[in-house]
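Enquirer: The structure that follows is given in the form of structure tokens.
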Amino acid sequence: MEREILQQLPKVELHCHLDGSLSQKLLQKLAQQEGLPQALVKEAVVPENCESLADYLRCFDVVLPLLQTAENLTLAAIDVIEQAASENICYLEIRFAPELHREKGLSLAEVITAVAAGVKQGEALFDIHVNLLICGMRHHEAAVNQAVFQAAADSAKEKVVGVDFAGDEANYPPAEFGIFLAFAKQHNLQITLHAGECGCPRNVVESIQLGAKRIGHGVAIKDDLAAQNFCREQQVLIELCPTSNLQTKAVASIADYPFRQFFDSGLLCSINTDNRGVSQTNLTQEYQFLVEHFALTQAEMQQLNLQALTHSFADEAVKKELAEKITQGYQV
Ligand SMILES: [Zn+2]
């Protein structure tokens, strides 16, 4: 499949971080506006010699100071939606950690409202449906995460459909977050969790036992057949992010990337960018990677996008509408 065709085919993306997905154009504009040097913007992109998740996460130190006002958060959401719409993503879930955007005094509710305002504007401007996921951060204090999840529950009308925990997986296993996930379930928030990004298949299993319907990354289960069986039994979808996983060394090499292993064995998976800006990628490029290295076919791409839609946190009416759109889009 040629890149142009890949770009035009309708797609669904479920794992996309707001702060990591800003375009260079918006980063430059915000840096100028905040009086920060333009050279800094280059540091918001993953270095070629990236050796670890820690190296990768350093890029966010550059971006976050630019996302501390309601206006900038709204612009950021519109910017990510514009990028997604330009490659015919018809359904997108954007995730962000509200607590990271409070350095200039915004409340959690104000952060969420500002991002949601960008989503509403983006949906009005482009042919796309967008929902939001609220991330707790694993290393934050329990009281902070409690407040974040409360704010998520209070924002159900603000496009917030689910929650996630991001951050340091190695030092903070999923069990510590059970109390917040129980709270989320009580408030009808759906759960996806970053797990199995850093060589710990047990975290994937525990996350599912705590109520996760989807797993972010999950590549650590590639050598753990029992964990894979559990995912299949539970009908949990793995949100794969190939470029990001290779950059952070979650997977050592392209040959080790478990796409074929997962997909061909009936594990539910979807393809995602994780961080468009930091990783310098887009969803078309992620599919191109699979075509080039794993001989992905158009029929398989359709299947990946339909199962992403089925396991998305969109409401049933949106799922029905977009399933038809996707099926039609792949008929040509
Ligand atoms: Zn992620």
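Enquirer: Do we have residue 157 as more than 16 Å from the ligand (Cβ to nearest atom), surrounded by fewer than 21 Cβ atoms within 10 Å (Cβ to Cβ) and free of Cβ contacts under 8 Å to residues at least 24 places away in the same chain here?
Expert: Taking the combined requirement at face value, the residue satisfies it.
Enquirer: Which numbered condition in (1) within 16 Å of the ligand (Cβ to nearest atom); (2) within 19 Å of residue 96 (Cβ to Cβ) is the only one that residue 34 fails?
Expert: So residue 34 meets the others, but not (1).
Enquirer: Also, quick follow-up: Exactly one condition in (1) within 16 Å of the ligand (Cβ to nearest atom); (2) in a helix (DSSP H, G or I); (3) open to solvent by 40 Å² or more (accessible area, probe 1.4 Å) is not met by residue 124; state its number.
Expert: Here residue 124 meets the rest and fails (1).
Enquirer: Anything in region 214-240 that is hydrophobic (A, V, I, L, M, F, W, C) and open to solvent by less than 10 Å² (accessible area, probe 1.4 Å)? List them, or say none. It would help to see each step written out before you state the result.
Expert: Just the residues of region 214-240 that are hydrophobic (A, V, I, L, M, F, W, C), to begin with: 215, 219-221, 225-227, 230-231, 236-238, 240.
Selection gives 215, 219, 221, 227, 231, 236, 237, 238, 240.
Enquirer: Another one. Could you please tell me which pairs satisfy a Cβ distance under 8 Å, a separation of 6+ or placement on different chains, a first residue in region 28-46 that is crowded, with 17+ Cβ neighbours inside 10 Å, and a second residue that is assigned to a helix (DSSP H, G or I) and among the acidic types (Asp, Glu)?
Expert: Going by the 8 Å Cβ cut-off, the qualifying pairs are 46/55.
Enquirer: Being of a type in the set (A, V, I, L, M, F, W, C), within 16 Å of the ligand (Cβ to nearest atom) and more than 23 Å from residue 141 (Cα to Cα) is the filter here; which residues of region 77-105 pass it?
Expert: Within region 77-105, 80, 84, 92, 94 meet the criteria.
Enquirer: Collect the residues in region 1-51 that are of a type in the set (Ser, Thr, Tyr) and assigned to a helix (DSSP H, G or I), keeping them in residue-number order.
Expert: Selection gives 21 alone.
Enquirer: Same structure, new question: Does residue 278 satisfy the condition of being open to solvent by 10 Å² or more (accessible area, probe 1.4 Å) and either in a helix (DSSP H, G or I) or not hydrophobic (A, V, I, L, M, F, W, C) (or both)?
Expert: Here the answer is no, as residue 278 does not meet what is asked.
Enquirer: Could you grab me the full set of residues in region 292-328 that are open to solvent by 30 Å² or more (accessible area, probe 1.4 Å), within 21 Å of residue 3 (Cα to Cα) and not polar (S, T, N, Q)?
Expert: Passing the criteria: 292, 293, 295, 299, 300, 306, 325.
Enquirer: Moving on to the next point. Please pick out the residue among 167, 199, 178, 211 that is closer than 18 Å to residue 56 by Cβ and open to solvent by less than 40 Å² (accessible area, probe 1.4 Å).
Expert: 167
Enquirer: Continuing with the same structure: Report yes if residue 94 is in contact (Cβ under 8 Å) with a residue 12 or more places away in the chain, surrounded by 24 or more Cβ atoms within 10 Å (Cβ to Cβ) and closer than 19 Å to residue 60 by Cα, otherwise no.
Expert: Considered against the rule, which asks whether it is in contact (Cβ under 8 Å) with a residue 12 or more places away in the chain, surrounded by 24 or more Cβ atoms within 10 Å (Cβ to Cβ) and closer than 19 Å to residue 60 by Cα, residue 94 comes out as yes.
Enquirer: Filter the helices (runs of 4 or more DSSP H) completely within region 162-262 down to those with at least 1 residues that are within 16 Å of the ligand (Cβ to nearest atom) and out of contact with any Leu (no Cβ under 7 Å at 6 or more places or on another chain).
Expert: 201-209, 242-247
The values are calculated or read from the model by the stated rules, or taken from the named source; none is laboratory data. These numbers come from a predicted model, not from an experiment. Please note: Cβ atoms are built from the backbone with ideal geometry, for glycine as well, and neighbour counts cover all protein chains shown. For the accessible areas, the whole protein counts, side chains as well, though only heavy atoms, and no ligand, DNA or RNA atoms are used. Shrake-Rupley method; radii C 1.70, N 1.55, O 1.52, S 1.80 Å.
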